[in-house]
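Heads up, the thing below is written out as structure tokens.
The values are calculated or read from the model by the stated rules, or taken from the named source; none is laboratory data. Given the structure is predicted, the values throughout are model-derived calculations rather than measurements. Cβ atoms come from the backbone with ideal geometry, glycine included; neighbour counts cover every protein chain shown. For the accessible areas, the whole protein counts, side chains as well, though only heavy atoms, and no ligand, DNA or RNA atoms are used. Shrake-Rupley method; radii C 1.70, N 1.55, O 1.52, S 1.80 Å.
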Amino acid sequence: MVSDRTVEVGVFVVLMAGVVLLGFGAARWRRPADPLTLEEWGVGGRAFGNWATWFLLGGSMYSAYTFIAVPAVTYGVGAVGWFAIPFAIVTTPLTFIFTTRAWSVARRHGFLTHSEFAAARFGSRGLGALIAVTGILATIPYVAVQLISLQAVLSTVGFGGELPLLAAVTLVSVCTFRSGLRAPALLSVVKDVLLAWMLLTATLMVAMYGGWDSTFRIAGERFAATPNPADGLLLPDNGHLGFLTLVIGSALAIFAYPHALLGMLAAKDRATVRRNAAALPIYCVALALMAMLGFFALARGVTPADGDLNTVVPRMIHEYFPSWSAGIAYAALSIAALIPAAVMSIAAANAFTRSLYRPYLRPGASPATEAWVSRWVSLIVKFGAAALILTVDPAFSVDLQLIGGVLILQTLPAVFLGLLTAWFHRTALTAGMLTGLAVGVGMLYGIPKTDGAGRVVADHFGGSSWPLGDGGSVYVGVVALLANLVAVVGCTLLLRAAGVREGVDTTRPDDYLADAGDPYLKRLDDLIDGSPANGRAVPAPAQHGGRYRRARPQRKADEGQPIER
């Protein structure tokens with residue numbers, strides 16, 4: 001007779017084998033005439049329709065962070081873990097308003113990254129490079145969150161140790177190297193189908209074991225019996241500021257990550273972007289349910305393996321799901337980790353290629369060379385994240401994402417506010433970013449690490465929330481961003497008063513409203529830092545009005561130097 005464990009593993013292995021084959025075959029899905037360009041490899045030719053964009057966004061934005069890290073936090077400390085739900089809700093209107101503007105200006109100028117946009121908006125190639133470096137450094141911890149979650153699933157299935165994880169990373173790396181963004185887009189469809197089944201099974205499981213009323217009552221009793229004063233079903237009196245700043249900081253940070261823009265840039269038109277942004281709250285329902293499953297696991301006495309809270313959800317699945325359904329759930333969680341890791345690595349690679357390699361190392365790089373460089377950099381990002389998780393304590397993997405958020409928040413004045421105004425001075429933006437990064441990293445270094453009873457076990461890098469004197473906390477990213485904004489505004493006023501030369505904004509107002517079919521859409525290989533090639537003005541279409549400012553001719557058309565006034 002076949003054991004339940006054998007069924008679990010068998011279903012999991014079969015589904016994952018199918019996923020790998022589908023990932024390899026994705027290179028033939030909507031195969032373009034010229035696949036050897038960064039436009040095709042990195043953003044799928046900017047041709048994804050409503051359904052492809054919907055699944056890609058869900059696959060990249062609602063990841064293993066959602067389905068493993070968040071329940072681990074609610075299991076460990078309770079209500080604080082709920083910050084992920086309001087931050088996801090707040091993100092939706094921001095996405096609806098700002099991403100459509102980002103899509104239009106990126107489509108007209110051929111941008112693939114936030115850093116390219118900032119360089120063109122403020123006339124500073126150096127600012128774009130700094131944003132690209134910050135984005136890459138912030139993305140690696142986020143990729144690490146996905147791999148930690150994958151490792152938790154693999155160890156629960158029975159594939160413990162480092163080799164299974166590295167094998168999984170290698171397979172997804174090869175798929176991404178071959179198929180680019182098409183691989184995660186196609187696999188996202190499979191992921192959502194499997195996750196829908198897992199959530200349905202989880203809902204039935206909770207109903208069979210007393211429902212949510214029993215879950216919350218027992219979980220509350222268990223929290224009350226712990227020595228940690230900060231845990232519980234409700235926030236402590238001194239926990240509101242920390243919770244609020246986590247919500248605000250996370251909602252703003254998620255927009256600034258390179259991969260957040262990537263899925264939208266792959267959409268074929270503005271209507272597709274707007275429809276998908278409006279529909280994103282549907283995923284918030286799944287996020288809320290997963291957060292509550294942390295309480296269910298606590299109420300039922302699920303014990304994490306080796307003290308690793310990231311194994312709570314996989315172990316709950318093993319103990320309470322039918323064996324065949326558990327295999328499906330394991331596969332869903334694994335895919336939910338691999339897809340975002342792939343998208344994030346592609347986005348980081350695009351940032352390196354377009355804002356570092358092309359401007360500084362090889363200005364005359366062909367589209368095929370750009371794509372080749374991005375493929376290899378995407379591999380480095382994935383394996384760099386794998387190396388990171390082997391050196392950190394994975395107890396609360398969500399802290400890795402929050403620490404990355406501290407870094408990426410410092411790009412907001414340029415990439416977020418820059419979509420609305422070019423008022424800031426380019427030098428002030430650079431000074432503000434460096435100030436925010438210094439404040440953020442300095443505060444992170446000074447946060448002590450504590451155990452479950454609140455005892456200090458290490459002096460540095462103990463999380464992302466700065467402890468306050470009243471026992472509360474504040475999210476470091478928000479404090480660093482405030483310091484950043486003060487520096488940006490103050491330096492802008494001083495530099496203007498001193499008459500320091502500013503960069504030229506090579507975008508124009510109607511760029512932020514452009515749609516598919518616009519005859520003046522330009523690809524980046526026809527542009528220099530977002531400005532018309534060779535400094536020649538491009539006439540504006542009659543329906544838009546206005547015109548480009550005539551730029552100063554450059555010494556060499558392929559040097560990519562920012563144009564100044």
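Take the range 294-445, drop everything but the C-alpha atoms, weight them equally and run the Debye formula without solvent; then report log10 I(q)/I(0) at 0.09, 0.11, 0.21 Å⁻¹ to two decimals. Ignoring solvent entirely, the Cα scatterers give -0.48, -0.69, -1.36. The portion of the accessible surface of the chain made up by carbon and sulfur, rounded to a whole percent, is 66 (1.4 Å probe; DNA, RNA and ligands excluded). Given +1 at the Cβ of Lys and Arg, -1 at the Cβ of Asp and Glu and no other charges, the dipole of the range 1-143 around its Cα centre is 480 debye to the nearest 20.
Label positions at LEU482 and VAL2, each projected 7 Å from the Cα along the C-beta direction, are separated by 5.9 nm. Taking amide H atoms as placed 1.01 Å from N in the peptide plane, the amide H of GLY78 lies under 5 Å from those of GLY232, each 5 or more residues away in sequence or on another chain.
Solvent-accessible surface (1.4 Å probe) assigned to CYS284 amounts to roughly 10 Å².
For the range 80-159, the relative contact order comes to 13 percent (Cα pairs under 8 Å, sequence separation of at least 6). The tail of the calculated P(r) for the chain beyond 31 Å holds 47 percent of all Cα-Cα pairs. Note on the range 204-337: with charges restricted to the Cβ of Lys and Arg (+1) and Asp and Glu (-1), its dipole about the Cα centre is near 560 debye. Helix screen, the chain: DSSP H segments with Cα axial length of 18 Å or more and mean Kyte-Doolittle hydropathy at least 0.5 are 4-25, 125-157, 162-179, 182-208, 240-256, 281-299, 323-352, 367-389, 426-445, 476-497.
Average accessible surface for the range 345-476: 38 Å² per residue, computed with a 1.4 Å probe over protein heavy atoms with every protein chain in place. Each Lys and Arg contributes +1 and each Asp and Glu -1, all at the Cβ; summed about the Cα centre of the chain, the dipole is approximately 2100 debye.
Given a 1.4 angstrom probe, what's the average accessible area per residue across the range 13-154, in square angstrom? All intermediate terms of the calculation are to be shown ahead of the outcome.
On the way: 3750 Å² over 142 residues.
That works out to 26 Å² per residue.
Counting charges near THR74 (Lys, Arg +1; Asp, Glu -1) among other residues having Cβ under 13 Å from its Cβ returns a value of 0.
Take each peptide in 180-189, 16-25, count the other Cβ atoms within 10 Å of every residue, and average; sorted highest first, the result is 180-189, 16-25. Using C-alpha pairs under 8 Å with a sequence gap of at least 6, the mean separation divided by the residue count of the chain gives a relative contact order of 28 percent. For the range 180-301, the solvent-accessible area works out to 38 Å² per residue, with a probe of 1.4 Å and every protein chain left in place. Given a 1.4 Å probe and the protein chains as shown, ILE89 ends up with an accessible area of around 100 Å².
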